[in-house]
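Only one structure is covered here, and it is reproduced in the block below.
The values are calculated or read from the model by the stated rules, or taken from the named source; none is laboratory data. The structure presented is a predicted model; accordingly, all values stated were derived computationally and were not measured. Ideal geometry is used to build each Cβ from the backbone, glycine not excepted, and the neighbour counts take in all protein chains shown. The accessibility values were calculated without ligands, DNA or RNA, using every heavy atom of the protein model including side chains. Shrake-Rupley method; radii C 1.70, N 1.55, O 1.52, S 1.80 Å.
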Amino acid sequence: MAGHFEATPGGGAAVALDEVEIAILRSLAVQLLELIGPGDQPADGDDPLAALFAEGPSEPPSDPALARLFPEAYGDEDTELRAASAEFRRFTENDLRTRKRDDALVVVRTLDALTPGGDGAAVLTLTADESRSWLGSLNDLRLTIGTRLEVSDDDGSEDGSLYRLPDSDPRKPMVMAYLWLGALQETLVETLMP
């Protein structure tokens, strides 16, 4: 089980993590929460029902990582498509942000609930719903880190060149986290497949 998810009864998953892995995963999830932002909460006295129907932004985020997490729906080739994307974003981005925040919070909360043993290791056991939240958050973390590393499908960045970075390269820790998260994500997907 060390280093990869395994299926548990009821559609969940479990993985053994050491204290360093726990700390890294928690830190990355908190950073993702900070990147996504706190969300628009109704002010005291405001109608919470009205907040459910609040419109979101119509412009894409300027931060490349956020733009990757909240992409254009229809591209930006012409004025008509840009207008359709803006309209789609206005009515969907707030809900998408909420879901991404909720997924990251599940990661933080499940890690915080762990009781490491004397060696600092613990087995993280997730329900089926928690597993889906973890899968979403692992994907968001990889997209964010991949964007920061300027990884793209077109440039062959995942062809092994990331493995060959010298230890002196300042991107090396981020690359190692990116690859590790990918391995965790892959085993979680395999675990959740029927």
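Any idea which of 65, 73 is at pLDDT 90 or above and either open to solvent by less than 50 Å² (accessible area, probe 1.4 Å) or among the aromatic types (Phe, Trp, Tyr) (or both)?
Numbers: 73 fails: at pLDDT 90 or above.
Within the list 65, 73, the selection yields 65.
Among the residues that make up region 178-187, is at least one of them more than 23 Å from residue 7 (Cβ to Cβ) and among the acidic types (Asp, Glu)?
no
Considering region 1-59 alone, what residues qualify as being part of a strand (DSSP E or B) and either at pLDDT below 90 or among the β-branched types (Val, Ile, Thr) (or both)?
Narrowing region 1-59 to residues part of a strand (DSSP E or B): 2, 6-8, 12-17.
Selection gives 2, 8, 15.
What do you reckon, is residue 115 over 28 Å from residue 179 (Cα atoms), among the β-branched types (Val, Ile, Thr), over 12 Å from the mean Cα position of the chain (by Cα) and open to solvent by 80 Å² or more (accessible area, probe 1.4 Å)? Step through it out loud before you land on a result.
Numbers: over 28 Å from residue 179 (Cα atoms): no; among the β-branched types (Val, Ile, Thr): yes; over 12 Å from the mean Cα position of the chain (by Cα): yes; open to solvent by 80 Å² or more (accessible area, probe 1.4 Å): yes.
Here the answer is no, as residue 115 does not meet what is asked.
Answer yes or no: is there a residue in region 157-167 that is buried (at least 18 other Cβ atoms within 10 Å of the Cβ), touching a helix residue (DSSP H, G or I) at 6+ places or on another chain (Cβ under 9 Å) and among the small types (Gly, Ala, Ser).
There is no residue in region 157-167 that is buried (at least 18 other Cβ atoms within 10 Å of the Cβ), touching a helix residue (DSSP H, G or I) at 6+ places or on another chain (Cβ under 9 Å) and among the small types (Gly, Ala, Ser).
Taking region 136-152, which residues are open to solvent by 30 Å² or more (accessible area, probe 1.4 Å), over 18 Å from residue 62 (Cβ atoms) and under 8 Å from the mean Cα position of the chain (by Cα)?
Answer for region 136-152, where residues must be open to solvent by 30 Å² or more (accessible area, probe 1.4 Å), over 18 Å from residue 62 (Cβ atoms) and under 8 Å from the mean Cα position of the chain (by Cα): 139, 142.
Name the residue that is surrounded by the fewest Cβ atoms within 10 Å (Cβ to Cβ), counting only residues in region 12-29 that are touching a Gly at 6+ places or on another chain (Cβ under 9 Å) and closer than 10 Å to residue 111 by Cβ.
Looking at the filtered set, the residue picked out is 22.
Please enumerate the residues belonging to region 128-148 that are in contact with a strand residue (DSSP E or B) (Cβ under 6 Å, 6 or more places away or on another chain) and more than 13 Å from residue 5 (Cβ to Cβ).
None - no residue of region 128-148 is in contact with a strand residue (DSSP E or B) (Cβ under 6 Å, 6 or more places away or on another chain) and more than 13 Å from residue 5 (Cβ to Cβ), so the list stays empty.
Looking at region 123-137, I want the residues that are among the basic types (Lys, Arg) and have a partner that is in a helix (DSSP H, G or I) with Cβ atoms under 8 Å, at least 6 apart or on another chain. Which pairs are those?
Listed pairs, sorted by first residue: 132/192.
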